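Here's the structure, in structure tokens; my notes come after.
The values are calculated or read from the model by the stated rules, or taken from the named source; none is laboratory data. These numbers come from a predicted model, not from an experiment. Heads up, the Cβs are rebuilt from the backbone with ideal geometry, glycines too, and the neighbour counts pull from every protein chain shown. Note: areas computed on protein heavy atoms with side chains; ligands, DNA, RNA excluded. Shrake-Rupley method; radii C 1.70, N 1.55, O 1.52, S 1.80 Å.
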Amino acid sequence: MTSNFFPAMRPLEDQVQRAGHVLFALDYDGTLTPIVEDPMHAVLPPPTRELLGSLARFKDVSVAIMSGRIIKDLRELVALNELIYVGNHGVEIEGPRFRFTEPAASVAAPELHQLGIDLAEILSHIPGAVVEDKGLSIGIHHRQVAPVDAEEVWQRVLRAIDPIKDRLQLTAGAKIYEIRPRVSWNKGDTVNWIRNRLELPNTLVIYAGDDITDEDAFAVLGNDAVTIKVGDSAATTTAQYLLPSPAEVHGFLHWMHDMIEEKTSKK
């Protein structure tokens, strides 16, 4: 059963105390930063950046930032070299000691690139519709599309992907449609890959996200991790806990930092 996080802190405190290592997997947009009109204006608040860097410097902590963005853009926004970066909803990973791209997603890259060119032409007459080629996925931003044009954007995207929907999948996020390779890999698989690659015993995963793609991770990780849904408490989720906004996520990370610092000082 999903519950509001803060009244349930005590069991998590016990889990952290027992863990040999803690892996934070944190979505970016809508989790660490509020959703904004222009995605490039989703700036990480300086106190949150400082907190993430401080967490990652603990010997028994790793921090992974998850996003549908490409890793290059994510690195520029977060600007912390010691973190693990996960782009395109999990199919590309870069960390201080490793780099990985899901093989089947790489194969789909040329077809995605051509689709992006086609969609840019198909939607060029609709003000506010922006097609972003992210290499291993395509994003169709429609936040600034007039309501009268919104249905046309959706229908044109559906028609464009229909002939190739056996190879590519279409999902709807927060004012964005995303087209990704139809592969058996999601953010949950990504986190498990990172956990295994760290090769550290008794690693506790703490995953927080707000997006529909984060629900895939919640389902895959299940009770083997602490899962936190960020945002609307009325939304259906399989996460164990709820936090209403990025502001509460910051408070949660601060609490975790203090707990881990105290635990470390006792060693």
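For Ile164 and Ala120, what is the calculated FRET efficiency with R₀ set at 22 Å and r taken between the beta-carbons, to the nearest 0.05?
Details: r = 17 Å, r/R0 = 0.75.
Efficiency, from the Cβ-Cβ distance: 0.85.
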**Placed amide H near Val205: partners under 5 Å, 5+ positions off or other chain** = Leu23, Val226
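Quick one: length gained pulling Phe58 to Ala235 fully straight, 0.36 nm per residue minus the C-alpha distance?
Details: separation 177, 0.36 × 177 = 63.72 nm, distance 3.42 nm.
Answer, rounded to one decimal: 60.3 nm.
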**Request:** Label segment 112-262 by shape, choosing from rounded, prolate and oblate, from the square roots a ≥ b ≥ c of the eigenvalues of the Cα gyration tensor; if a/c is under 1.5 it is rounded, and otherwise prolate applies when a/b is larger than b/c, oblate when it is not.
**Result:** prolate
**Asked** Accessible area of Leu51, 1.4 Å probe, to the nearest 10 Å²?
**Response** 20
**Prompt:** Amide H to amide H, which residues 5 or more places from Val230 or on other chains are under 5 Å from it, using H placed in the peptide plane?
**Reply:** Gly209, Asp210, Leu243
**Message:** Given a Förster distance of 30 Å, report the FRET efficiency between Arg99 and Gln155 from their Cβ-Cβ distance, rounded to the nearest 0.05.
**Reply:** 0.20
**Asked** What spacing in nm lies between the two simple spin-label points modelled at Gln15 and Glu76, each 7 Å away from Cα in the Cβ direction?
**Response** 3.6
**Dipole axis of the chain (+1 Lys, Arg; -1 Asp, Glu on Cβ), positive-most option in Asn196, Ser137, Phe24** = Asn196
**Request:** Decide, for segment 38-101, between rounded, prolate and oblate: order the square roots of the alpha carbon gyration tensor eigenvalues as a ≥ b ≥ c, take rounded if a/c falls under 1.5, and otherwise choose prolate if a/b is larger than b/c, else oblate.
**Result:** oblate
**Asked** How far apart, in nm, are two points set 7 Å out from the Cα along the Cα-to-Cβ line at Val36 and at Gln144?
**Response** 1.3
**Request:** Please list the non-local residues whose amide H lies under 5 Å from the amide H of Val61, H modeled 1.01 Å from N, same-chain partners needing a gap of 5 or more.
**Result:** Val22
**Asked** Using alpha-carbon positions, what is the distance between the centroids of segment 199-267 and segment 82-96, in Å?
**Response** 18
**Message:** Cut-off 16 Å, label point 7 angstrom out along Cα-to-Cβ of Ala174: give me the residues of segment 14-46 whose amide nitrogen falls inside.
**Reply:** 26-45
**Item:** Cα-based Lys pair tally, the chain, threshold under 17 Å, eight or more apart or on separate chains
**Value:** 7
**Asked** What order do Phe100, Phe24 take when sorted by accessible area (1.4 Å probe), most exposed first?
**Response** Phe100, Phe24
**Request:** Could you pull the accessible area for Tyr28 with a 1.4 Å probe, rounded to 10 Å²?
**Result:** 0
**Message:** Could you derive backbone 3J(HN,Hα) for segment 176-185 from the dihedral phi with the Karplus parameters 6.51, -1.76 and 1.60 (θ = phi - 60°), listing whole Hz in sequence and x where the residue is Gly or Pro?
**Reply:** 8, 9, 10, 10, 10, x, 7, 10, 8, 7
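By how many nm would the segment from Leu200 to Glu50 grow when fully extended, if each residue of separation counts as 0.36 nm and the alpha-carbon distance is taken off? If you can, show how the numbers build up before the last one.
On the way: separation 150, 0.36 × 150 = 54.00 nm, distance 2.49 nm.
Computed gain between Leu200 and Glu50 is 51.5 nm.
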**Request:** About the Cα centre of the chain, how large is the charge dipole given +1 on each Lys and Arg Cβ and -1 on each Asp and Glu Cβ? Please answer in debye to the nearest 20.
**Result:** 800
